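The values are calculated or read from the model by the stated rules, or taken from the named source; none is laboratory data. Nothing here was measured: the structure is a model prediction, and the numbers come from that model. So basically every Cβ, Gly included, is an ideal-geometry build from the backbone, and we count neighbours across all protein chains shown.
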Amino acid sequence: MNKTLAITGMSCGHCVNTVKSALEKVGGVATVDVSLDENRADLTLSGDVGDSVLVAAVEAAGYQAQTRS
């Protein structure tokens, strides 16, 4: 399953790495690709992961997120 998150608050490569690392630590996340230019994170999930869990991981890292349809 694939999901996309809109991310706000990123301004540099360090921000991208922080968001990517936070999402990779969530159980059930297989791959993460974060784009600073597009302010989004594209995820491939290996299990059932709720949107609220993904958003919470990004927010705990200091950024804002919301799921995209």
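The table for this structure:
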{"read-out": "Residue list for the stretch 1-18, restricted to those being over 10 Å from S35 (Cα atoms), within 10 Å of the chain's Cα centre (by Cα) and of a type in the set (V, I, T)", "value": "T4, T18"}
{"read-out": "From the options G62, G9, residue that is of a type outside the set (S, T, N, Q), on the phi > 0 side of the Ramachandran plot, surrounded by fewer than 16 Cβ atoms within 10 Å (Cβ to Cβ) and in contact with a Phe, Trp or Tyr (Cβ under 9 Å, 6 or more places away or on another chain)", "value": "G9"}
{"read-out": "Tally of residues being part of a strand (DSSP E or B) and either in contact with a helix residue (DSSP H, G or I) (Cβ under 7 Å, 6 or more places away or on another chain) or closer than 14 Å to A65 by Cβ (or both) across the stretch 35-46", "value": "5"}
{"read-out": "Answer residue from the stretch 1-18, given it is among the aliphatic types (A, V, I, L, M) and touching a residue at least 40 places away in the same chain (Cβ under 8 Å) and is farthest from D51 (Cα to Cα) among those", "value": "M10"}
{"read-out": "Matching residues, the stretch 6-34, being of a type in the set (A, V, I, L, M) and part of a helix (DSSP H, G or I)", "value": "V16, V19, A22, L23"}
{"read-out": "Close pairs from the stretch 19-42: first closer than 13 Å to G9 by Cα and of a type in the set (S, T, N, Q), partner modelled with pLDDT of 95 or more and assigned to a strand (DSSP E or B), Cβ under 6 Å, at least 6 apart", "value": "N39/I7"}
